[in-house]
1. Let me spell out the model: positive unit charges on the Cβ of Lys and Arg, negative unit charges on the Cβ of Asp and Glu, origin at the Cα centre of the stretch 16-258. What dipole size does that give, in debye rounded to 20?
2. How much length, in nm to one decimal, is gained on full extension between S240 and D370, taken as 0.36 nm per residue of separation minus their Cα-Cα distance?
3. Between F189 and E173, what length comes free when the chain is fully extended (0.36 nm per residue of separation minus the Cα-Cα distance, one decimal in nm)?
4. Compute the distance in nm between two label points, each set 7 Å from the Cα along the Cα-to-Cβ direction, one at Q328 and one at D232.
5. Let me know the number of lysine pairs in the stretch 16-258 closer than 22 Å at the Cα, not counting same-chain pairs under 8 apart.
6. So which GluC sites (Glu not before Pro) in the stretch 311-393 pass both tests, a DSSP loop state and at most 15 other Cβ atoms within 10 Å of the Cβ?
7. For the pair E315 and K163, how long in nm is the line joining their label points, each one 7 Å along Cα→Cβ?
8. Provide the gained length on full extension for the span M72 to I336, in nm with one decimal, where the gain is 0.36 nm per separating residue minus the Cα-Cα distance.
Amino acid sequence: MSEREPSAGSARLPRMIAVSSGKGGVGKSTVTVNLAVALARTGQRIGIVDADIYGPSVPGMLGIAADTPPAMSPDRKVIPSEAFDVKVISMAMLSDDDAPAILRGPMVTKYLQMFVRQVDWGELDLLLLDLPPGTGDIQLTLAQAFPLAGAVVVTTPQDVSLKIARRGVRMMEQVNVPILGVVENMSGFTCPSCGTVTNIFHQGGGEAAAEQLDVDFLGRVPLDPAIVDAGDDGRPLVVSQPESPAASAYRSIADALGAAPSLEGGIVTPFAWTLSDGSGKPAPATPISGGAPDRLVRLDHDQAGLILHWADGQEQRFVPRDLRIACQCAKCRDEITGNRVLAPDSVSRGIAITRIWSVGNYALGMAFSDGHDTGIYTFEQLRGLRGATLEDV
């Protein structure tokens, strides 16, 4: 089984929203914690995955002791910690307080998979993923492994932060994760003595960036020393000072997220479909009028090959050999030049697809009867192959 492939028995996952930032130091984890508690106080069932494996901070902000390993349920799932009606899993719970997480990429991937799939979350309305800063391996792993309902980008108003935030938005767009909006954090400092507002990091940059990127502006959170004190005390600001301007801003942003629509018009993911016995085949979705062309609504397979049905009503049929030759993975294409390494003559005309699985919101993984299973076929690539003679791809 490919490392990216979900297990055939994957349980239905909760709606997941990533909270991301292009750079560190913008207060992303603080925003995540306060949004989670604000959402929980409206009656929603909320969880947080502290996906910053190397620098976990969420448990401390919620007053969760990190020196006690989590318990296991009877079915061998990790029982998450809970504070302020928010369930939490974090690397901080699995290591000593000052012990560094010295992990290579594959181990990080395994921990992230465990944090979502092997935790006894119970029934959740929303699972927030507090991502580490940047656009690296962890962000890509989550986008590939799970059907994210959207992402929130946190930034501060200064130009350098905004430029990097734009990169984060573009990264999420490339893997078909909807951008739910931009949060401008540390937006103006209010003097606790005189009430004078000083725009330390300029003003309005987050709103301007959202407008330029054509995404929603969710709101601005003022810079307030009480936010830091609340985090250090393990009592989020929306609990310790609910009437403060910053707490009001958090609640407003939380209301916007709670009302954000779920993904519609696409097949239910994650899935892992074994074609030999039909197990794991994804249930079809109801097409939406005017749906996005890169949204799959149904997959079928017959003796001739694979059939893809798209939200805009288009249908594609692919012969397995054509898809095998069109593979873009590093075994089949030179990573530098993009030239094809795989010789078409080496691919049997009788080759068959054996398994198909979802890769986030943006691609399919496929395994073939020759043992090849490392190819990722993006929806954009598949749509581009429509009507082509793939012998020449």
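Derivation of every value follows stated rules applied to the coordinates shown; laboratory data play no part. What you are looking at is a predicted structure, and each value in this text was computed from that prediction instead of being measured. When we count neighbours, we look across all protein chains shown, and the Cβ atoms used for this are built from the backbone with ideal geometry, even at glycine.
1. Roughly 560 debye, rounded to the nearest 20.
2. Fully extending the segment from S240 to D370 adds 40.8 nm.
3. Gain on stretching F189 to E173: 2.5 nm.
4. Those two pseudo-labels are separated by 4.9 nm.
5. 6
6. Passing both the DSSP loop test and the Cβ count: E335.
7. My value for the distance between the label points is 5.1 nm.
8. Going from the current span to full extension adds 90.5 nm.
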